[in-house]
1. Looking at the structure I just gave you, is Ala180 loosely packed, with under 15 Cβ neighbours inside 10 Å and more than 21 Å from Cys29 (Cα to Cα)?
2. Is it the case that some residue within the range 60-68 is touching a strand residue (DSSP E or B) at 6+ places or on another chain (Cβ under 6 Å), farther than 16 Å from Ser14 by Cβ and assigned to a loop (DSSP other than H, G, I, E, B)?
3. Looking for something in contact with a His (Cβ under 6 Å, 6 or more places away or on another chain), under 13 Å from Glu95 (Cβ atoms) and either assigned to a loop (DSSP other than H, G, I, E, B) or among the polar types (S, T, N, Q) (or both) - is there at least one such residue anywhere in the range 30-37?
4. Scan the range 26-42 for residues that are among the acidic types (Asp, Glu) and within 9 Å of Gly70 (Cβ to Cβ) and report the count.
5. For the range 54-63, check the following and say yes or no: at least one residue is under 24 Å from Gly98 (Cβ atoms), at pLDDT 95 or above and either more than 16 Å from the chain's Cα centre (by Cα) or surrounded by 15 or more Cβ atoms within 10 Å (Cβ to Cβ) (or both).
6. Tell me the residue from Leu190, Leu157, Leu199 that is under 30 Å from Val22 (Cα atoms), modelled with pLDDT of 90 or more and either of a type in the set (A, V, I, L, M) or touching a Leu at 6+ places or on another chain (Cβ under 6 Å) (or both), please.
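The values are calculated or read from the model by the stated rules, or taken from the named source; none is laboratory data. None of these values were measured; they are calculated from a predicted model. Note that we place each Cβ from the backbone using ideal geometry, even for glycine, and neighbour counts take in every protein chain shown.
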Amino acid sequence: MTVTEIFASIQGESTLQGLPCVFIRLTGCNLNCRYCDTRYAREGGSAMTADEIIQAVSGYTIPFICITGGEPLLQKDTPFLARSLIDCGYTVSVETNGTIDASPLPEEAKRIIDIKCPGSGEQGKTSPNNLSLRRPTDEFKFVLTDRRDFLYARDFLEKNNLTPESTVLFSPAWRILDPALLCEWIINELPGVRLNLQLHKYIWPETDRGR
């Protein structure tokens, strides 16, 4: 596998927000979102086996692991890595841009599936299986840049019946959409979704990697 970095931080997103977490950032992505904050993970990285990755994360006394990217499902061994970590006793989440079928991931893995809105420049590329084969533990994340993105997300939820039984996260794009304005829209129009600020960026606002 090709790994950009492995580091410990606070989980800044998802319903695990605020928990200490070890991040395994895999290299490579098949999208080019306008607001991407991990462009450095698109290329480079170091070759590591699953055993070497597990050895690296075992140096931290943290039970939560997040496999992220880039796009981690571009690497065929990602489901095996997730399975191996779970078998070692870790709680594992996988953050994916939603364009690749995530069904090979173990049932025990929490899947954070991004749904791209128009502001990303990559909308309409969600794998159908990530909607039709969704699991009770799945979380669907929408990064919003403006009102148009909010309306797109609202329509997407309705068309795909993602609320109220699904966990839906609305995140304002960092320094693009005012979180207070997004809060107003959610309160007035979509009270079934959850506001999801990127907590790590408020803690370390000038750090672009390794947090």
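1. Details: loosely packed, with under 15 Cβ neighbours inside 10 Å: yes; more than 21 Å from Cys29 (Cα to Cα): yes.
Here the answer is yes, as Ala180 does meet what is asked.
2. Yes, the range 60-68 has at least one match.
3. Just the residues of the range 30-37 that are in contact with a His (Cβ under 6 Å, 6 or more places away or on another chain), to begin with: none.
The answer is no; no qualifying residue exists.
4. As a first pass, look at the range 26-42 and keep what is among the acidic types (Asp, Glu): 37.
Checking which are within 9 Å of Gly70 (Cβ to Cβ) leaves us with none.
Residues flagged as among the acidic types (Asp, Glu) and within 9 Å of Gly70 (Cβ to Cβ) within the range 26-42 amount to 0.
5. No: the range 54-63 contains no residue that is under 24 Å from Gly98 (Cβ atoms), at pLDDT 95 or above and either more than 16 Å from the chain's Cα centre (by Cα) or surrounded by 15 or more Cβ atoms within 10 Å (Cβ to Cβ) (or both).
6. On the way: Leu190 fails: under 30 Å from Val22 (Cα atoms); Leu157 fails: under 30 Å from Val22 (Cα atoms).
Exactly one of Leu190, Leu157, Leu199 is under 30 Å from Val22 (Cα atoms), modelled with pLDDT of 90 or more and either of a type in the set (A, V, I, L, M) or touching a Leu at 6+ places or on another chain (Cβ under 6 Å) (or both), namely Leu199.
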